[in-house]
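The structure appears right after this line, and notes come after that.
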Amino acid sequence: MHKANNHNTRRQFFRSLGGHGPLQRPPWTDHDFTERCVRCAACIETCPEGVLFHGGGGYPEIRFDQAGCSLCRACVEVCDAGVFDTQRPAFPWRARIESHCLALADIHCQSCQDACEWQAIVFSPQLGRPPKPRLNGEACTGCGACQALCPNHAITMTSEEMAHAE
């Protein structure tokens, strides 16, 4: 294992002990991100949604607390280090609706559907009950807009790799 990957694995282990999920890097990046990124912060400064921030070691990370990524590619355009590869999917994760979703508890809420411009989350009508969410994993980009607007924090971003890191 390469030294940078070993450091990231160790860092991820300690993050999970502290109750933090896996590191989430900017869109269109890969495992070699920390080897290629020069930490210039140009992507952080240019992000119109403000979802990129300085993470550990000064490397950019993405957080969906207040907004989702619009996939505008502003970060790609300002990066001189060439860490972005728009031929790959933007994110390796997809949304997951957790059991404490308000709609699943028969409370009328459709915030995630309203936030999803990709129409990956739709609500199916239910006779005599509030509609229930249905997630289309194929349509989901992992942009985090639904996670940012969920009033009960019932949406997480997850992938096969992230499940093993937790």
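The values are calculated or read from the model by the stated rules, or taken from the named source; none is laboratory data. The model shown is predicted, which means the values in this text are computed figures rather than measured ones. Cβ placement follows ideal geometry from the backbone for every residue including glycine, while neighbour counts extend to all protein chains displayed. Heads up: the accessible areas ignore ligands, DNA and RNA and are worked out on the full protein's heavy atoms, side chains in. Shrake-Rupley method; radii C 1.70, N 1.55, O 1.52, S 1.80 Å.
Miscellaneous remarks
- Exactly one residue out of Arg134, Arg73 is at positive phi and at pLDDT 95 or above, and it is Arg73.
- Enumerated strands (runs of 3 or more DSSP E) restricted to region 67-166, each holding at least 3 residues that are open to solvent by 20 Å² or more (accessible area, probe 1.4 Å) and out of contact with any Gly (no Cβ under 6 Å at 6 or more places or on another chain): 121-126, 129-135
- Pairs where the first residue, in region 131-151, is farther than 21 Å from Thr29 by Cα and the second is open to solvent by 20 Å² or more (accessible area, probe 1.4 Å) and β-branched (Val, Ile, Thr), C-beta under 6 Å, 6+ apart: Pro133/Ile97; Arg134/Val122; Leu135/Ile97
- Pro60 being open to solvent by less than 20 Å² (accessible area, probe 1.4 Å), within 23 Å of Gln24 (Cα to Cα) and within 17 Å of the chain's Cα centre (by Cα): yes
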